[in-house]
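The values are calculated or read from the model by the stated rules, or taken from the named source; none is laboratory data. Keep in mind it's a predicted model, so treat the numbers as computed, not measured. So basically every Cβ, Gly included, is an ideal-geometry build from the backbone, and we count neighbours across all protein chains shown. To get the accessible areas, we keep the full protein, side chains included, count just its heavy atoms, and leave off ligands, DNA and RNA. Shrake-Rupley method; radii C 1.70, N 1.55, O 1.52, S 1.80 Å.
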Amino acid sequence: MVTTESSAIPSTQQSPPWFLLQISARRDLLVTRVVDEIVAGEAVYRDHRVSSELFEIVEANVAALLSELCGGPESATPAQWAGRTKAENGISMASLLHAYRLAGLAVLSEIREVTAGTNETDAAFGAVSALWQILDRYSMLAVEAYREVIDAKERRSGQSSRAHLLALLTGTPHPAHTERLLGLPETGWYCVIVASLGSTGDGPEPDPGAGVRGASVAWTQDAGTHIGILGARRRGDLEAALTEIAERATTRTGASRPFERLSDAPVGAVEARRAMRCLAPEARALSRYGDRPLELAISSGPDVAPQLTESVLGGILALGEAGAKPLLGTIGAWVESGGSTTDSAKLLHCHRNTVLYRMQRIADLTGRRLTHPGDSAELVIALRALRLLGNAWPQGDAATPAT
């Protein structure tokens, strides 16, 4: 709270200048003048319910202003009342500050009019200086009160939006037209988006970009993730927004299949979370439900991936990172090259005989041959399970020349 004291009129002054007393005596006319100027210059007051309080607010502020000019005590209440009332009724802060400027100009005009042709130049100058100091403090107090109301409104709105969104996502009862309250289209296409918060426990919400028209998204946080509903009137706009989210993803992100009824949002939430789990923990990409069928099957239960890696790759993993990394990298390169030992060697920056040697080691340690379709499938699935668990060894080997 602002508590600066005006120094233009000394506290030792025994009585205020006669012209200030004269202006105070006709205060009602001054208040009416200020109110008329505010209404004339601000169209918002003409049909607004705050207009009924405008006279009382101006009267309180002018009375406090004149009292302080005459040496009375400082008062914060009128300015705070003005700030709160304007904020609660949606009057802009600019209009609030403009009203104080009009009040100041009106008092200034009164001082000039009353002291014209007199020898009160010094006293008038001191009163004008004090006038602007007091108005500056009133403005600061009013703005502070205004912002407190706006901040409280935003907190309430955010809590309400989160409650409505979570109700949609969980299928619990929610108010009619919740989509309108969340800024989503009332009809169209939707999908649920889930994104991890990142290693710091925070992170930006997935962003479809300002350039995507016709799409909107409502976000909240739940169970350690960002979760929201993306909506668009047309399927094409929804797809464009998903493309932008994929390009801007900063953490692993999952998206459900598109749906047309918001009552399907709970199913979408399940799909989006499962799609997100199809990516490695440190991935920065968007996974759409159904795009990665192997990973979807692997992540279907909390024990599936660990059991797969242990049962299929346990012998390799027992070698430790230094021993396992070249072999796991060879499995990945074999798949990427379409089963060509020559192309695998190029990817791994090693000789073809090295690839053949590693393939034999893989067979010895796992009991599975890369050249056998069934064995190869099990090795590939287990390797993807390992990646979903957050082990990035296979990706590193291709960039490391073998010796």
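Observations, loosely collected:
- Residue match in the stretch 263-277 (condition: part of a loop (DSSP other than H, G, I, E, B) and among the acidic types (Asp, Glu)): no
- Taking the stretch 341-357 as the range and being open to solvent by less than 60 Å² (accessible area, probe 1.4 Å), hydroxyl-bearing (Ser, Thr, Tyr) and more than 22 Å from residue 387 (Cβ to Cβ) as the test, the residues that pass are 341, 354.
- Residue count for the stretch 358-380, restricted to those that are crowded, with 18+ Cβ neighbours inside 10 Å and of a type in the set (S, T, N, Q): 1
- In the stretch 76-96, residue least open to solvent (accessible area, probe 1.4 Å) [restricted to those that are at pLDDT below 90 and outside any helix (DSSP H, G or I)]: 91
- Filter result (touching a Ser or Thr at 6+ places or on another chain (Cβ under 8 Å) and either open to solvent by 60 Å² or more (accessible area, probe 1.4 Å) or under 15 Å from residue 62 (Cβ atoms) (or both)) within the stretch 97-129: 97, 100, 121
- Exclusive hit being modelled with pLDDT under 90 and among the β-branched types (Val, Ile, Thr), set 58, 50, 62: 50
- Test: residue in the stretch 284-292 that is in a helix (DSSP H, G or I) and either within 20 Å of residue 252 (Cα to Cα) or in contact (Cβ under 8 Å) with a residue 60 or more places away in the chain (or both): no
- Evaluated against (1) in a helix (DSSP H, G or I); (2) closer than 26 Å to residue 17 by Cβ; (3) without any contact (Cβ under 8 Å) to a residue 24 or more places away in the chain, residue 123 falls short on exactly one condition, (3).
- Single residue of 171, 117 found to be touching a residue at least 12 places away in the same chain (Cβ under 8 Å) and not assigned by the TED database to the domain that holds residue 221: 171
- Residues that are polar (S, T, N, Q) and over 26 Å from residue 348 (Cα atoms) were ranked within the stretch 274-310; the one that is nearest to the chain's Cα centre (by Cα) is 287.
- Members of the stretch 148-205 found to be touching a strand residue (DSSP E or B) at 6+ places or on another chain (Cβ under 6 Å), at pLDDT below 85 and in a loop (DSSP other than H, G, I, E, B), listed by number: 182, 183, 205
- Against the conditions (1) in contact (Cβ under 8 Å) with a residue 40 or more places away in the chain; (2) surrounded by fewer than 19 Cβ atoms within 10 Å (Cβ to Cβ); (3) of a type outside the set (Phe, Trp, Tyr), residue 58 satisfies every one except (2).
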